[in-house]
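So the structure is just underneath, and the comments pick up after that.
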Amino acid sequence: MNLVNLSEIPDGVRFDVMAKPKASRNAIIGVHDGALKIAITAAPEKGKANKAIVNLLSRLLKIPKNSIKIVSGETSSRKIIAIEGVSSEMINKLVKENDG
C-alpha cells in the first residue's frame, strides 16, 4: 500500500493532492506519486473543484472546513494542502479506509 508523503507542520500536516475533476463521485481514489488522489464531481472552474476537495476532506476527517487550507496549486490539478488538528496517522488511516 502506497502512503501519502506527509510533512508535519505546527498543529497539523501538509501533503500533496492530485485532483481529478469532473468525476462520477467525490472520493479518495488512492495515492499517486506520493500525492493523495481525490476524485471530485465539480469542474475546475471558479474554485468549485477546490471547494469540493475541502468539503470532502472536512467530511471524511470530521473537522471544520476552515482547518483545511490549499497552500499552493489552486489552479493546478496538483495541490499542496495543509490541515490543522490532524496527525499523519489520521491521514494514512483515511487513505487505507477509502482507497479506491
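Key figures for this structure:
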| quantity | calculated |
| --- | --- |
| Contacts under 9 angstrom Cβ, first residue in region 23-42 being under 17 Å from residue 82 (Cα atoms) and outside any loop (DSSP other than H, G, I, E, B), partner modelled with pLDDT of 95 or more and aromatic (Phe, Trp, Tyr), 6 or more apart | 35/15; 36/15 |
| Hits in region 55-78 - residues which are in contact with a helix residue (DSSP H, G or I) (Cβ under 7 Å, 6 or more places away or on another chain), among the hydrophobic types (A, V, I, L, M, F, W, C) and farther than 12 Å from residue 15 by Cα | 60, 61 |
| Unmet requirement for residue 53, which otherwise passes all of (1) free of Cβ contacts under 8 Å to residues at least 40 places away in the same chain; (2) aliphatic (A, V, I, L, M); (3) surrounded by fewer than 16 Cβ atoms within 10 Å (Cβ to Cβ) | (3) |
| Any hit, region 79-96, residues being at pLDDT below 95, of a type in the set (Val, Ile, Thr) and closer than 14 Å to residue 12 by Cβ | yes |
| Qualifying residues in region 61-100 (those that are among the polar types (S, T, N, Q) and not in a loop (DSSP other than H, G, I, E, B)) - the one farthest from residue 43 (Cα to Cα) | 88 |
| Hey, residue 67 over 15 Å from residue 6 (Cα atoms) and modelled with pLDDT of 95 or more or not | yes |
| Evaluation of residue 53 against (1) assigned to a strand (DSSP E or B); (2) within 11 Å of the chain's Cα centre (by Cα) (one fails), failing number | (1) |
| Hits in region 1-22 (condition: assigned to a loop (DSSP other than H, G, I, E, B) and closer than 23 Å to residue 48 by Cβ) | 21, 22 |
| Positions within region 4-31 being hydrophobic (A, V, I, L, M, F, W, C) and exposed (fewer than 14 other Cβ atoms within 10 Å of the Cβ), in sequence order | 9 |
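The values are calculated or read from the model by the stated rules, or taken from the named source; none is laboratory data. In this text the structure is predicted, and so the values were computed from the model without any measurement. Note that each Cβ is placed from the backbone with ideal geometry, even for glycine, and that neighbours are counted across all protein chains shown.
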